[in-house]
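All remarks here apply to the structure that follows.
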Amino acid sequence: MKPSKVLLFDALINFILGILLLLLIPFPNQLPELLGVPKVQEVFYPTIMGAVFIGIAVALVVEAYRSVPHGFVGLGLGGAIAINLSGGAALVGWLVFGKLEIALHGKFFLWGIAIILMLISVIELTVHNRRK
């Protein structure tokens, strides 16, 4: 089996895991019961992890189709951007739409993380474009 096929298979597994974790948002009780896994009181952390799995899946696909020496490298710069944007977007989604019942300093902390993730992605994109 070619390495690119293995990467694509790995990406598929990560994508499925990510979608399952993100499905906890609309089905917080039904999905764990259906899958036979423990229920969680808050689906915040599992859905952030789901977004990370999807970012990893994207990074694996990037690597599988990499053909140019100076292009994005999966789980390298391109992978880091995918993971940061995916995790950051999920975090922003939680902060905007999630009605999180956490202390004000917790919200500031999470917004700080989200902003840092997005900023790092912009910096990485800029660095990548300058290297070309």
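The values are calculated or read from the model by the stated rules, or taken from the named source; none is laboratory data. Please read these numbers as outputs of a predicted model, since none were measured by experiment. Note that each Cβ is placed from the backbone with ideal geometry, even for glycine, and that neighbours are counted across all protein chains shown.
Odds and ends about this structure:
- Residue that is modelled with the lowest pLDDT [pool: residues in the stretch 63-77 that are part of a loop (DSSP other than H, G, I, E, B) and either aliphatic (A, V, I, L, M) or within 14 Å of MET118 (Cα to Cα) (or both)]: VAL68
- Candidate set: the stretch 1-19, residues that are within 14 Å of the chain's Cα centre (by Cα) and buried (at least 17 other Cβ atoms within 10 Å of the Cβ); chosen: the one nearest to VAL62 (Cα to Cα): ALA11
Rundown of residues vs (1) among the hydroxyl-bearing types (Ser, Thr, Tyr); (2) modelled with pLDDT of 90 or more; (3) surrounded by fewer than 16 Cβ atoms within 10 Å (Cβ to Cβ); (4) assigned to a loop (DSSP other than H, G, I, E, B), yes/no style:
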{"position": "VAL58", "(1), (2), (3), (4)": "no, yes, no, no"}
{"position": "VAL61", "(1), (2), (3), (4)": "no, yes, no, no"}
{"position": "GLY79", "(1), (2), (3), (4)": "no, no, no, no"}
{"position": "VAL127", "(1), (2), (3), (4)": "no, no, yes, no"}
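- Selection from the stretch 97-125 of residues that are of a type in the set (Gly, Ala, Ser), farther than 17 Å from VAL52 by Cα and either surrounded by 13 or more Cβ atoms within 10 Å (Cβ to Cβ) or at pLDDT below 90 (or both): GLY98, ALA103, GLY106
- Among all positions in the stretch 81-89, there is at least one residue which is of a type in the set (Ser, Thr, Tyr), closer than 27 Å to VAL127 by Cα and in contact (Cβ under 8 Å) with a residue 24 or more places away in the chain.
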